[in-house]
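Accompanying notes for the structure given below.
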Amino acid sequence: MTAGLVVGEDGLARCSWAGSAPEYLRYHDEEWGRPVHGDRGLYERITLEAFQSGLSWLTILRRREGFRTAFSGFDPDAVADFGEDDVARLLQDSSIIRNGAKIRAAVANARAVVRLREDGGLDRLVWSFAPTRRPARVAALTDVPAVTPESTALAKELRARGFVFVGPTTAYALMQACGLVDDHVDGCHVPVDGNGAGGRS
């Protein structure tokens, strides 16, 4: 068995991180690394990755429905209209991570998404940084980078467009989550997708 894999009760081999909690398994099998397009989907991933900074991803997954409710289903137009009263309300919302800087970042990023429509949109920008597919999947989780030249460039461009809480590491996690890269360990049952099929390091 390749290092970095775990075999589940269903007999399927998965990236080892997926075996530590039911939420991870579902995310790994059903969503993670599948190509994500469109303002709402990409804005959701940017928001969640920003909130994850300094925390475990499991913490975010377990509050995901709370985030969806709090941020109007991740509708950028709705969140772009949030004001200080909304920030104050969210700071009292125990279903999300109550961090004022991250809440304000989510509002600022929604406004950046809306502005970006005048210049091709978020989808076009993010996917323009998709790297050439690696020739093979990684042999072990230790082979997965935290930052790449593409993620550094993506973070720089997002910041230039008014996004915040999007450093190179967060940008690479976004690329993994949205299928721009394939970081599943060799032998994982998730099929290689022609548009990218990333994994979470």
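The values are calculated or read from the model by the stated rules, or taken from the named source; none is laboratory data. All values derive from a computational prediction rather than experimental measurement. Glycine also receives a Cβ, built like all others from the backbone with ideal geometry; neighbour counts cover every protein chain displayed. Heads up: the accessible areas ignore ligands, DNA and RNA and are worked out on the full protein's heavy atoms, side chains in. Shrake-Rupley method; radii C 1.70, N 1.55, O 1.52, S 1.80 Å.
Tell me which of V113, S20, V185 sits at the most positive position along the dipole axis of the chain, charges placed on C-beta atoms (Lys, Arg +1; Asp, Glu -1).
V113
Could you tell me what fraction of 2.2 N^0.38 Å the Cα radius of gyration of segment 16-128 comes to, as a two-decimal ratio?
Dividing the Cα Rg of segment 16-128 by 2.2 N^0.38 Å gives 1.09.
Scanning the chain for GluC sites (Glu not before Pro) in DSSP loops with at most 14 other Cβ atoms within 10 Å, what's the longest stretch left with none?
Looking at the chain, 32-201 is the longest stretch - no exposed GluC sites (Glu not before Pro) with at most 14 other Cβ atoms within 10 Å.
Starting from a Cα-only point model with no solvent, please compute log10 I(q)/I(0) by Debye for segment 97-149 at q = 0.22, 0.25, 0.27, 0.29 1/Å.
-0.89, -0.95, -1.00, -1.07
Roll a 1.4 angstrom probe over the protein heavy atoms and tell me the percent of accessible area of segment 59-165 that is carbon or sulfur.
50
Can you compute the FRET efficiency between A139 and L12 using 1/(1 + (r/R0)^6), with r the Cβ-Cβ distance and R0 = 22 Å? Round to the nearest 0.05.
Working from the Cβ atoms, E equals 0.70.
When the dipole is taken about the Cα centre of segment 1-129, and only Lys, Arg (+1) and Asp, Glu (-1) are charged at their Cβ, what size is it in debye, to the nearest 20?
280
Helix 39-52 against the longest principal axis of the chain: what's the angle in degrees, Cα atoms only, rounded to the nearest 10?
The angle comes out near 80 degrees.
In a Gaussian network model over the chain where Cα atoms closer than 10 Å are linked, find which of Y27, Y43, Y172 has the largest mean-square fluctuation.
Checking each option, the largest mean-square fluctuation is seen for Y27.
Give me the tail of P(r) for segment 50-102 as a percent: Cα-Cα pairs with distance above 12 Å.
Value for segment 50-102 (Cα pairs over 12 Å): 66 percent.
Calculate, for segment 11-149, the solvent-accessible area per residue in square angstrom, rolling a 1.4 angstrom probe over the heavy atoms of the protein chains.
Using a 1.4 Å probe on heavy atoms only, each residue of segment 11-149 averages 47 Å².
Taking only DSSP H segments of four or more residues, each worth -39500 (n - 2.57), what value at 222 nm results for the chain once the sum is divided by all its residues, to the nearest 500 deg cm²/dmol?
Value at 222 nm, helices only, nearest 500: -13500 deg cm²/dmol.
Between 0 and 90 degrees, rounded to the nearest ten: what's the tilt of helix 168-177 against the longest Cα principal axis of the chain?
70
If I model the chain as equal point scatterers sitting on the Cα atoms and use the Debye formula, what is log10 I(q)/I(0) at q = 0.09, 0.10 Å⁻¹?
-0.33, -0.41
Mind giving me the FRET efficiency for A101 and A146? R0 is 25 Å, r the Cβ-Cβ distance, nearest 0.05 is fine.
0.70
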